[in-house]
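Participant: Here it is, the structure, as C-alpha cells.
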Amino acid sequence: MKRTLAALALYATILSTAQAFPWPWAKPRPVPPPAPEFAMVDIEVQVVAFRVADIRRLADRNGHSMLSMADLIALRKEGKGTVLYMPRILAQPQVEAIVKDVKEFTYPTEIEAKKEGGEQGRDINITVQAAAKQAEAPGQAEAPGIVAGIVQPGNFETREIGVILSVTPEVVSSGRLVNLIVAPEVVGEPEYVNWSKGRPERVAAAGGGAGQPVFRRVSLQTSLLVADGGTAVMGGNTEFLPGRVLYWFFTVRLLDLKGMPLHPESAGERR
C-alpha cells in the first residue's frame, strides 16, 4: 500500500514538472492567434426613393404588405430606386457622427405691427409650432385685424432644411456585429402662414411681412443590429416626394488599424 502511494506521488510530481517545463521532444502547444483590433467603422448610407407603384407591386407579389429587407435590397439592385443622398461615414466605436446636407433658413419669430400715424397695433408673438397648430383650425373665429401700416419682424432664428443624420456605432463583444444607433431627420421647405389679419392664413410666400414659416419635419431614432459587411434598411416615409417612398440603407464594415476590412470574407452588400 505504501509503495502504491509513493508511486502515485512520484507520478504526480513528474506530471506537474513536465507541464511546467516541457521536454524538448514534446510537441509545443498551439497558441491561439491574437484577436484582430478594429479602429474604425465604415458606414455607407443611401437614401433611396422608390415609386409607390413598385412597392405595392412587390407587396402584392409577396401576398402581404410587410416588406423584408431582402425585398427592398433586391428592388434597389434592380434599379427601381433613385438615390437621393449617399454619404459615407468613418466613425470610431461609441462616438457619435453627424452628417448634414442642409441649407440655413433665417426667419423672424416675432412680428410687431403699427398702424399708420404712429399708433401701435397689436403685438404678435408666435412660434412656428403655434402657427402650425392654429393654421390647422380654419373654423375658428376671426380675431380683430391689424390695419395696414408698418410691419417689423424681430427675434430671428435659423433653421436647417434638408437631411440630418446622427449615427453612433457600437461593436458587439463578438466583433462580428455592430449596433447602430441612428437618428435620421428630414426637414422640408417651409410653408407660410400670414398673420396680417390677426388670424393664421396659409399663403404661397411670406408676402406682406407677416408671413410665418411652418416646417414639415420627419424624424426617427432607433437602433439597428447589423453584421459586419451586412446591410440594414429602415424607412417608408411618403411625406416629401409625391408618389415616392423613402428608405434608408445602412451598410457596415469594420476596419483594422491599417484601414483594411477586418473580415475580408464578409463581402457585404454594396453598390
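The values are calculated or read from the model by the stated rules, or taken from the named source; none is laboratory data. Values in this document were obtained by computation on a predicted structure and should not be read as measured data. For neighbour counting, all protein chains shown are included, and Cβ atoms are generated from backbone atoms with ideal geometry for every residue, glycine included. Accessible surface is based on the protein model in full, side chains and every heavy atom, while ligands, DNA and RNA are left aside. Shrake-Rupley method; radii C 1.70, N 1.55, O 1.52, S 1.80 Å.
Participant: From (1) in a strand (DSSP E or B); (2) surrounded by fewer than 16 Cβ atoms within 10 Å (Cβ to Cβ); (3) modelled with pLDDT of 75 or more, pick out the condition that doesn't hold for Gly175.
Facilitator: (1)
Participant: For region 233-247, what are the residues that are touching a Phe, Trp or Tyr at 6+ places or on another chain (Cβ under 9 Å) and at negative phi? Even if it seems obvious, please write down each step before you answer.
Facilitator: So in region 233-247, the residues touching a Phe, Trp or Tyr at 6+ places or on another chain (Cβ under 9 Å) come out as 233-237, 244-247.
Result: Val233, Met234, Asn237, Arg244, Val245, Leu246, Tyr247.
Participant: Here is a follow-up. Considering only region 210-246, state which residues are open to solvent by less than 30 Å² (accessible area, probe 1.4 Å) and assigned to a strand (DSSP E or B).
Facilitator: Across region 210-246, the qualifying residues are Gly211, Gln212, Pro213, Val214, Leu224, Val226, Thr231, Ala232, Val233, Met234, Val245, Leu246.
Participant: Right, something else. Output the residue which, of all residues in region 71-81 that are farther than 16 Å from Gly236 by Cβ and without any contact (Cβ under 8 Å) to a residue 60 or more places away in the chain, is most open to solvent (accessible area, probe 1.4 Å). Show your work before the answer.
Facilitator: To start, the set of residues in region 71-81 that are farther than 16 Å from Gly236 by Cβ comprises 74, 77-79.
Within this subset, residues satisfying the condition of being without any contact (Cβ under 8 Å) to a residue 60 or more places away in the chain are 74, 78-79.
Values: Ala74: 44, Glu78: 110, Gly79: 51 Å².
This residue is Glu78.
Participant: When only residues in region 68-83 that are touching a strand residue (DSSP E or B) at 6+ places or on another chain (Cβ under 7 Å) and of a type in the set (A, V, I, L, M, F, W, C) count, which is farthest from Ala49 (Cα to Cα)?
Facilitator: Of region 68-83, the ones touching a strand residue (DSSP E or B) at 6+ places or on another chain (Cβ under 7 Å) are 69, 72-73, 75-76, 80-83.
Subset that is of a type in the set (A, V, I, L, M, F, W, C): 69, 72-73, 75, 83.
On the way: Met69: 15, Leu72: 11, Ile73: 12, Leu75: 11, Val83: 6 Å.
Per the criteria, the residue is Met69.
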